[in-house]
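Notes follow the structure.
Each value in this text was obtained by applying a stated rule to the coordinates, not by laboratory testing. As the structure is a computational prediction, the values presented were derived from the model and not from experiment. Virtual Cβ from ideal backbone geometry, glycine too; neighbours counted across all protein chains shown.
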Protein chains: 2
Amino acid sequence: VTARRVDATRNRERILQAARSAFSDPGADVSMAEVARRAGVGSATLYRNFRDRRELLTALYVDEIDQLCAAADLDAGPPGPALLAWLRRFSAYFAGKGVVAAELLQHRAGDDPVFTGGYTRIVAAGRPLLLAAQEAGAVRTDLTLEQVLDLVAAVTRIPGDAAYREPILAAALDALRPPAG
Amino acid sequence: VTARRVDATRNRERILQAARSAFSDPGADVSMAEVARRAGVGSATLYRNFRDRRELLTALYVDEIDQLCAAADLDAGPPGPALLAWLRRFSAYFAGKGVVAAELLQHRAGDDPVFTGGYTRIVAAGRPLLLAAQEAGAVRTDLTLEQVLDLVAAVTRIPGDAAYREPILAAALDALRPPAG
């Protein structure tokens, strides 16, 4: 039984990993069949783990939020650079995860508890990092974390390729320094 | 004939002024009849000047672009503050002018020459101001005007009220200072 459970967990992880990599291919129209193919599992195994595409997307989403929240690590070093690194991760999360992020953005103002709960969790995980960076004098104190995340998300949504957007994001992160004078 | 022409110009200006004020009322659903009422002209006069709502919107739009371009004044003072003031005006133009700005945003990537031409004119008017501010050392040199305008527009589109958005815009404008060190 234990071996079977290990296998089951391994399958689930393989499917999630395959789905994650499939969704990060630009322009990929990812079907359940394609996910099964990439994961090297049969369609029965896929559907035993995830009833439908929406359930798979939700699991991917929750998994990404878990990782993003875990990355908001107060013990990782000086809080100013740690906050900036975390905000870059937040931005990459939006920029790279086409389909899943699009679902998040669509649902952010909606009432699906999975999605509204995800934003709440991100804010709860990031706030101590912002407060520590503000207390250390590394970050301006006139913005809340919601405002900082809205700034980063807005820049991340600017159309154009990464080379065009990167200097804008760098400037936006520079904007978090305490104002001179 | 001259007096008639003066009257005609005056009517056109009155209609544009009334339409501008009507569109800046939050949530107003502005009809042609409402514009005529506010301008104090008959419906025949209105339609003699503007064949339909789209023609009126286009005229409003061109007029706003004219004013925005004229405000990019190199002789108005030190170029750094002048650029920031102009960018605030650019932001207010987006934020306040609901319907007309929505048309601009919808059409910006489109092929209507009026709208694509408007963006081109804004860039052409603002670029000397950015270059002068960069030469004066007041503004970072790693962003083009297109990138600066995209940053300001992205912040301006953040949902929420003006009190929520204002500190984000202030931070984004601070971001244009040359990076320290």
* Structure fact -> Expressed in angstrom and ordered largest first, the alpha-carbon extents of the protein assembly as shown along the principal axes are 98, 50, 30
* Structure fact -> Computed ³J(HN,Hα) along the stretch B:138-144: with the Karplus parameters 6.51/-1.76/1.60, θ = phi - 60°, integer Hz and x for glycine or proline, the list is 8, 9, 4, 9, 9, 10, 7
* To do: Please find the FRET efficiency linking B:R4 to B:R51, where r is the Cβ-Cβ separation and R0 is fixed at 22 Å, and quote it to the nearest 0.05.
  => 0.60
* Relative to the longest principal Cα axis of chain B, at what angle does helix B:79-96 sit, 0 to 90 degrees, rounded to 10? -> 40 degrees
* **Rg followed by Dmax, in Å, when the stretch B:36-101 is reduced to its Cα trace** => 15.8, 48
* Between the helical axis of A:145-156 and the dominant principal axis of chain A, each derived from Cα atoms, what acute angle in degrees is found, rounded to the nearest 10? -> 70 degrees
* Rounded to a whole number of µm²/s, how large is the Stokes-Einstein D of chain B at 20 °C and 1.002 mPa s, given Rh as the Kirkwood radius over C-alpha pairs? -> 120 µm²/s
* Structure fact -> Taking alpha-carbon centroids only, the stretch A:139-181 lies from the stretch B:37-96 a number of Å equal to 29 Å
* Asked: How far, in degrees from 0 to 90, does helix B:98-108 lean away from the longest principal axis of the Cα atoms of chain B, to the nearest 10?
  -> 70 degrees
* When the helix-only estimate is applied to chain B (DSSP H runs of n ≥ 4, each -39,500 (n - 2.57), divided by the residue count), what is the mean residue ellipticity at 222 nm, nearest 500 deg cm²/dmol? -> -24000 deg cm²/dmol
* Structure fact -> Here, the stretch A:12-56 modelled as identical Cα point scatterers in vacuum has Debye log10 I(q)/I(0) at q = 0.18, 0.23 Å⁻¹ of -0.42, -0.69
* Can you tell me the FRET efficiency between A:D29 and B:R37 if r is taken as the Cβ-Cβ distance and R0 is 45 Å, rounded to the nearest 0.05? => 0.30
